[in-house]
Amino acid sequence: MEIDDKKDNDDLFVVKGIPILVQKESQEKRHESIALDFNQAMGYERTSAEETYRYN
């Protein structure tokens, strides 16, 4: 996860007022639903019902 500008191969989603850019090629590899949580000790965590992606 990082701050970036929109590129031609990105789709823009707005979730609860927060703009999220996702590369079109990444969408094919991701699960239908992804959650973003914050842990004070470890940072942000992306998860789906199937797996945890990583902490940032």
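In loop segments of the range 1-30 as defined by DSSP, the trypsin sites (Lys or Arg not before Pro) with at most 11 further C-beta atoms inside 10 Å of their C-beta are Lys6, Lys7, Lys16, Lys29.
Between Leu12 and Tyr44, the distance separating the two model label sites (each 7 Å from Cα on the Cα→Cβ line) works out to 1.7 nm.
How high is the FRET efficiency between Glu28 and Asp5 when r is their beta carbon distance and R₀ equals 22 Å, given to the nearest 0.05?
Details: r = 22 Å, r/R0 = 1.00.
Efficiency for this residue pair is about 0.50.
Taking all protein chains together and rolling a 1.4 Å probe, Glu2 ends up with roughly 150 Å² accessible. Net charge in the neighbourhood of Leu21 (other residues with Cβ under 10 Å of its Cβ; Lys, Arg +1, Asp, Glu -1) is -3.
The values are calculated or read from the model by the stated rules, or taken from the named source; none is laboratory data. A quick note: this is a predicted structure, and the numbers were derived from the prediction, not measured. Glycine also receives a Cβ, built like all others from the backbone with ideal geometry; neighbour counts cover every protein chain displayed. What goes into the accessible areas is simple: the full protein's heavy atoms, side chains included, and nothing from ligands, DNA or RNA. Shrake-Rupley method; radii C 1.70, N 1.55, O 1.52, S 1.80 Å.
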